[in-house]
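The next block holds one structure in the form of structure tokens; read it before the comments.
The values are calculated or read from the model by the stated rules, or taken from the named source; none is laboratory data. Keep in mind the model is a prediction, meaning the values are calculated, not measured. Methodologically, a virtual Cβ is constructed for each residue, glycine included, from the backbone with ideal geometry; neighbour enumeration extends over all protein chains shown.
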Amino acid sequence: MKITALFLSILLCAAAAVPGWIYYRGAETLKLKHELLRQEAAVLAQLSAENERLMKQASSPELSDAELSELLKLRNEIGQLRHMIKAMQNFRRELDRARAALERLKKDAERGEPPAATLVTDEIEQQTRRERATLLREFMAENNQTSPEMKLLPEAYLNNVMLWTPVTQGDFEGYSSTVRLQGELLFTGQVRNALKAYAEANQNGFPSDVAALKPFFKSPMDDDILAQYHVVRADTLIPQLARDQGEWVITRRAPVNKNRDTRTAVGKTFQMANYTKFPDRWDPRAP
């Protein structure tokens with residue numbers, strides 16, 4: 001009986017400590033987010049000041065060629081700056097929601113009640129992800145970062161993938177590339193099935209054009225998606241993409257973002273090459 005009572009006491013102490021630990025960890029996270037927010041705000045202030053300086057110079061008849069070139073370059077970055085500002089505003093809203101959630105956890109801990117984990121997850125996280133997805137959609141549309149294959153993605157995909165807030169240009173480009181890749185993977189998965197059906201109907205042959213696969217897709221495939229791909233010799237790709245493929249493969253004609261986009265190839269097998277391991281994946285090779 002004493003052992004049981006001791007065991008229950010230990011459990012109660014542990015349960016009481018959990019909310020406090022959660023609050024402590026949340027407070028540490030807020031400190032880190034505040035520091036990031038401060039640094040990004042400083043960068044934005046510097047860019048805004050530089051933009052204002054060059055805009056004033058633009059009205060001067062004595063603007064040099066170098067200054068004009070600098071001004072034009074900065075104008076191309078204004079759209080990116082606008083997205084960064086929106087992201088920072090969204091980040092502030094996230095901080096406010098995080099503070100409110102931590103206050104709830106603190107009150108729950110003081111009352112000895114379990115933390116409101118379900119409320120935090122459902123009400124705060126889902127709203128946060130929707131706002132992040134809106135930022136990404138705007139960035140992709142305004143910077144020509146979309147792809148036709150994205151139409152194949154489920155409606156809720158973009159919300160589900162936004163696990164953190166994009167702030168920098170690199171953040172936005174990374175998320176954009178991830179979204180494009182998921183759409184491409186859905187398409188290439190259907191291509192593999194269509195190739196099998198085509199081979200059965202054409203004496204194990206390989207199509208000379210991607211459009212020839214159109215009747216063999218289980219679901220109708222839009223022409224603008226098919227137009228992004230072509231049939232090439234496997235030995236014109238890097239070895240990692242050509243491995244075990246046979247003579248011909250289907251691959252994307254060109255990337256949206258060469259520095260970021262993973263390349264895929266579908267032949268007898270399916271191969272992928274990402275930018276971190278294979279920087280030359282989009283470069284043509286002599287057969």
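Quick notes on this one:
- Evaluation of Ala286 against the conditions (1) closer than 21 Å to Lys196 by Cβ; (2) touching a helix residue (DSSP H, G or I) at 6+ places or on another chain (Cβ under 8 Å) shows that the sole unmet condition is (1).
- For segment 263-284, a residue qualifies if it is surrounded by 18 or more Cβ atoms within 10 Å (Cβ to Cβ) and either at positive phi or out of contact with any Lys or Arg (no Cβ under 8 Å at 6 or more places or on another chain) (or both), and the qualifying residues are Ala265, Gly267.
- Segment 267-286 - residue that is over 20 Å from the mean Cα position of the chain (by Cα) and not in a loop (DSSP other than H, G, I, E, B) and, of those, modelled with the lowest pLDDT: Phe270
- The set of residues from segment 201-222 being assigned to a helix (DSSP H, G or I) and not basic (Lys, Arg) comprises Ala201, Val210, Ala211, Ala212, Leu213, Pro215, Phe216.
- Across segment 165-179, the number of residues qualifying as in contact with a Lys or Arg (Cβ under 8 Å, 6 or more places away or on another chain) and either outside any helix (DSSP H, G or I) or among the aliphatic types (A, V, I, L, M) (or both) comes to 2.
- Of the residues in segment 147-159, at least one is under 16 Å from the mean Cα position of the chain (by Cα), closer than 30 Å to Pro287 by Cβ, modelled with pLDDT of 95 or more and in a loop (DSSP other than H, G, I, E, B).
- Scanning segment 223-247 for residues that are assigned to a helix (DSSP H, G or I), in contact with a Gly (Cβ under 9 Å, 6 or more places away or on another chain) and surrounded by fewer than 17 Cβ atoms within 10 Å (Cβ to Cβ) returns no hits.
- Residue among Leu152, Leu158, Leu136, Leu163 that alone is surrounded by fewer than 19 Cβ atoms within 10 Å (Cβ to Cβ) and of a type in the set (A, V, I, L, M, F, W, C): Leu163
- Residues satisfying the stated conditions in segment 146-161, i.e. closer than 18 Å to Lys218 by Cβ and touching a residue at least 24 places away in the same chain (Cβ under 8 Å): Glu149, Lys151, Leu152, Leu153
- Filtered residue count, segment 55-67, keeping only those that are assigned to a helix (DSSP H, G or I) and modelled with pLDDT under 70: 4
- Single match in Thr251, Thr262, Thr276, Thr269 (criterion: of a type in the set (Ser, Thr, Tyr) and farther than 25 Å from Asn144 by Cβ): Thr269
- Among the residues listed as Thr236, Thr251, the single one being within 23 Å of Pro287 (Cβ to Cβ), among the β-branched types (Val, Ile, Thr) and out of contact with any Phe, Trp or Tyr (no Cβ under 9 Å at 6 or more places or on another chain): Thr236
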